[in-house]
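Below you'll find the structure, written out as structure tokens, and then a few comments.
The values are calculated or read from the model by the stated rules, or taken from the named source; none is laboratory data. Not measured: the values here are computed from a predicted model. For neighbour counting, all protein chains shown are included, and Cβ atoms are generated from backbone atoms with ideal geometry for every residue, glycine included. SASA here: full protein model, heavy atoms, side chains in, ligands and nucleic acids out. Shrake-Rupley method; radii C 1.70, N 1.55, O 1.52, S 1.80 Å.
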Amino acid sequence: MLLTVDRLEKSYGDGAQRQRVLDGVSLTLAAGESLAITGESGSGKSTLLHLIGLLDTPDAGDIALNGEAISALDEAGRAARRRDTVGLVFQQFNLVPSLTVAGNLALQARLAGKHDPAWIDTLATRLGLSGFLTRYPEQLSGGQQQRVAVGRALAARPTLLLADEPTGNLDEATSADVLELMLELCRDAGTALVMATHSASAADQLSRRAHLTRGRLS
Amino acid sequence: MTTTALIALLSHWRRKPGQLATLIIGLGLATALWTSVQAINAEARASYDEASATLGGGSVLVLTARDGRIPLSRWALLRRDGWAASPIIEGEYAIDGARFLLRGVEPLSGLGNGTAIPEDQAIGLAFLTAPGVLLAAPETAELLRAAPESARSSLPPVRVSAAVPRGEIITDIAVAARLLERGDTVDRILVDTRERTGRTPLTELVPALERNTGSANGEVAQLTGSFHLNLTAFGFLSFAVGLFIVYAAIGLAFEQRRATLRTLRALGTPVSSIIAALIIEALALALLAGAIGVILGYVVASALLPGVAATLRGLYGASVAGELAIRPQWWLSGFAIAVLGALAATALSIRRAATLPLLAAAQPRAWAMASARRFVQQAIAALVLLAVAALIPHFFSGIIAGFAMLAALLFGAALILPPALALALRLIQRLARGPIAEWFLADTRQQLPGLSLALMALMLALATNIGVGTMVSSFRLTFEGWLDQRLAAELYVTTRDETQSAQVHEWLEPRTEAVLPIWSAESEIAGRSGEVFGVVDHATYRDNWPLLIATDTAWDEVAAGNGILVNEQAWRSLGLALGDPVRLGTQPSMTLVGVYTDYGNPNAQAIIGLDALLTRYDSEVSRLRYGLRLPPGDTPALAQALRAEFDLPANGVIDQAQVKAFSMSVFERTFAVTAALNVLTLSVAAFAMFASLATLASMRLPQLAPVWALGLSRASLARLELIRAGVLALMTWLIALPTGLLLAWVLLAVVNVEAFGWRLPIHLFPLDWLILAVLAILAAFIAALLPARALIKRPPREFLQIFAQER
């Protein structure tokens, strides 16, 4: 199993303000599989992705990635797994504004020491970015920026892609376009995908679907 | 990985070239001012060392006699015993009104590194055999050659040597003995204990001679030390002002790259790689700015050095070359301070990067808001510093304590500025009526954290300007008044020799109201080398001489030959009190009856009755000069008659106005460097203001867009931005004013006493302060002009995007 999440718990705040965001969440994901996490705002979708993506640590429970328990890793270990194993796509794109499209596309691959110019070219072509490589993010539309983010996340050939509301900032047509590209690339590269989304139609396009309500999966 | 992170971070500067320029210019300017001061100090020290090496230093012992003269036989004794010994004769030699330091050396026994012959001159037969050679700097040689034939006839030929300090002449000891009429005595014997020691210990061989180690020019180094410390302090202050720019620019860059840093971390870049990248970036910027700063510093120092050389010559009699050499100690120090400054300015960014939460929401103005929270801590730190400044004079003394007090005062005042402005704005806000005024004041308060560093830099520059300006103007006013008192005689005459002096004296007696001899002898005054003047009993002195303190019968006692007056610097440094005995050389003591001000003279000086001077010093008295009292209207005619009657030197007859003009020109030159550094510091502060306003303007759109949407035009907003800059500059000036006046007091009452030996009364110049206020507001307007213009030109689309981006 590529990913195993076991009774994951996470709370925020202190004392009376303390709020449990995840309450014993468990799930599994096989290599190449895709899973949509749906739920209302504040249901814990992003928190779950942050924990799986090693951006945050759980209060309780375990996460295993490629058979390795990752919830107990130290800061350096988490950074290394993020760099080498996981790809991240955010709702706000989070591109480096001072780097060109080409620079952004290659960024994670360079960091991971897996820079493959041919693969970056392929990604750029398939994402329809070949004509924009020397442009800066602010010169692109939202859809184009998100395509750069998808390309950057896949450039290091991760085994798992985590996408947090990747189409949340895009119009319907662009959303469908970006999502289709992302799924296609994941399928071709054998990359597993976990995507948090509000959109039922987007969720339908993934192989599995799980719904979060008040921190519990159903 | 670090390389990739570094590339991502550096790419920020490619997109923000203006910000990069601000950073480089800020650090470059700061380094330039520091480097220029270091270059000047290094050049001066090298000149002192050169002069010191000419006389022997390091392992060289200097033998002197208590009465000032060593029989030549003592040197022969030392040589015969096997000691590496070399005699020196030294004295002031006047030719055609110009005075030179004449130094006679014995070239064959010249010591190792301390050889008395400059390196560019081979010892030839001409130097050793009659008539000998005079070695002098090009300028000195020119003066010597320009002297009248009658004056030059007794001199050997002059040979130019660039290695001889200006105003000095080096020649064979026999020539010097003849010109200075020393007979068979010398002033010092240098003994190099490392090169060769004799059979008999010096204590047995020459027990009567005093043995001194260290440089013979130590006194000059000591005297000028405070001047150089003064310059260094100014250089450091300028650097600190520049550093504010760097700190602000780096802090802003961090905020703008906060999202990038978070993205890099999210993509798996370890914190250590990000820190390494930030440090490499800071070092690269420091080296670039350092190189620019060192080059600029060289230019500034080259421009200032002639003025500094003139100051050191005028104030301390120290010779400093007028041309700047490229010495590793100052350019390396320039790079070092640039690197240290950049790292210090980056330290906070590095700490923030290390603790940056991975998932915190982006807050473009988080930096500013956090700064606002720091105001309370800042105010506490400022109060502690101000308390330290107030307490220092009660527990410590000396020039270092003076500068420590200045530093605590200035940085305390700088730190208290933002909290004080915030408090003032809060109070004004309560009185504000109307929505625009309320918004304006609230928005100004919100902007304060972002502008605080630039305002602190402006405050430091303004306070320095007020403080140093008050000090210089007070000095000028006091000095002018002092010159009026001191230069009471209408004409000053210098004769060629004593025969002519006697003839001139006799000729003048019936033609003037009084002939006041200005006769003097070099002598130790209570153990300090100095000059003793003899005065006749005349109303000119009783009515005009600027006495600081004196007994009621001071002039009577001086006239009677019992009392002595000393100058302020001798009085302060020797810690004398009225009634104390003051020993003159080996002569019996005289009673201190008064202290007079004596600006511009670094050495001890005393006044006794003329008869007492002649009795005590007799043949050592220089009897060449006179001050003449006569009706002012008769001055030109008498001067003309004097010149016609006697073959006087070129500057043999000078009227009061000429002396005053010369003295004032020396004064102005003395403070030319201070004025230049003052202007440069103010310029750096104005640039800091511009840099901060320009960079903040790019982050201000979210604050301005809603007000624009509510009906304020872009032009109105731009006008308000200009007014804001002016108001903040005015408020900063209001705090700089008391700070500057305190600074002036410390300079006049503490630093000057330590550095120059005299204390000056403080004079206030409100008009100068008002002019400075106008200049500060004008500088702020100019700094705000470009950002305001950019605001007017900003397309409405950009304002609308702010609302589109809000989710």
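Summary table below
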| quantity | calculated |
| --- | --- |
| Test: A:THR125 is open to solvent by 10 Å² or more (accessible area, probe 1.4 Å), β-branched (Val, Ile, Thr), part of a helix (DSSP H, G or I) and more than 9 Å from chain B (Cβ to nearest Cβ) | yes |
| Of all residues making up segment A:139-150, the number that are within 13 Å of chain B (Cβ to nearest Cβ) and crowded, with 24+ Cβ neighbours inside 10 Å | 2 |
| Residues within segment B:635-649 that are among the aliphatic types (A, V, I, L, M) and open to solvent by 70 Å² or more (accessible area, probe 1.4 Å), tallied | 1 |
| Every residue from segment B:733-789 that is touching a Ser or Thr at 6+ places or on another chain (Cβ under 7 Å) and farther than 17 Å from B:GLY469 by Cβ | B:GLU754, B:ALA755, B:GLY757, B:TRP758 |
| Residues within segment B:442-489 that are closer than 29 Å to B:LEU252 by Cβ and open to solvent by 20 Å² or more (accessible area, probe 1.4 Å), tallied | 5 |
| Segment B:176-197 - residue that is open to solvent by less than 20 Å² (accessible area, probe 1.4 Å) and touching a Phe, Trp or Tyr at 6+ places or on another chain (Cβ under 9 Å) and, of those, modelled with the lowest pLDDT | B:ASP192 |
| Those residues of segment A:75-111 which are hydrophobic (A, V, I, L, M, F, W, C), facing another protein chain (nearest Cβ under 7 Å) and buried (at least 21 other Cβ atoms within 10 Å of the Cβ), in sequence order | A:ALA79, A:LEU88, A:VAL96, A:LEU99, A:LEU107, A:LEU111 |
| Residues (in a helix (DSSP H, G or I) and over 15 Å from the mean Cα position of the chain (by Cα)) located in segment A:152-179 | A:GLU172, A:ALA173, A:THR174, A:SER175, A:ALA176, A:ASP177 |
| Matching entry among B:ALA32, B:ALA44 (being at pLDDT below 85 and more than 14 Å from chain A (Cβ to nearest Cβ)) | B:ALA44 |
| Counted residues, segment A:45-73 - those being surrounded by fewer than 22 Cβ atoms within 10 Å (Cβ to Cβ) and touching a His at 6+ places or on another chain (Cβ under 9 Å) | 1 |
| A:ASP164 acidic (Asp, Glu), touching a Ser or Thr at 6+ places or on another chain (Cβ under 8 Å) and open to solvent by 20 Å² or more (accessible area, probe 1.4 Å) | yes |
| Scope segment B:759-787; condition under 30 Å from B:ILE399 (Cα atoms) and without any contact (Cβ under 8 Å) to a residue 12 or more places away in the chain; matching residues | B:PRO766 |
| In segment B:1-23, the residues that are open to solvent by less than 20 Å² (accessible area, probe 1.4 Å) and either away from chain A (no Cβ under 14 Å) or outside any helix (DSSP H, G or I) (or both) | B:THR22, B:LEU23 |
| Residue among B:LEU61, B:LEU108, B:LEU135, B:LEU128 that alone is in contact with a helix residue (DSSP H, G or I) (Cβ under 9 Å, 6 or more places away or on another chain) and at pLDDT 75 or above | B:LEU135 |
| Matching residues in segment A:13-40 - criterion: being without any contact (Cβ under 8 Å) to a residue 24 or more places away in the chain and within 14 Å of chain B (Cβ to nearest Cβ) | none |
| Residue among B:ARG616, B:ARG623 that alone is assigned by TED's automatic domain parsing to the domain that holds B:ALA521, under 20 Å from B:THR540 (Cβ atoms) and at pLDDT 85 or above | B:ARG623 |
| Extreme residue, surrounded by the fewest Cβ atoms within 10 Å (Cβ to Cβ), among residues of segment B:231-289 that are touching a helix residue (DSSP H, G or I) at 6+ places or on another chain (Cβ under 7 Å) and hydroxyl-bearing (Ser, Thr, Tyr) | B:THR232 |
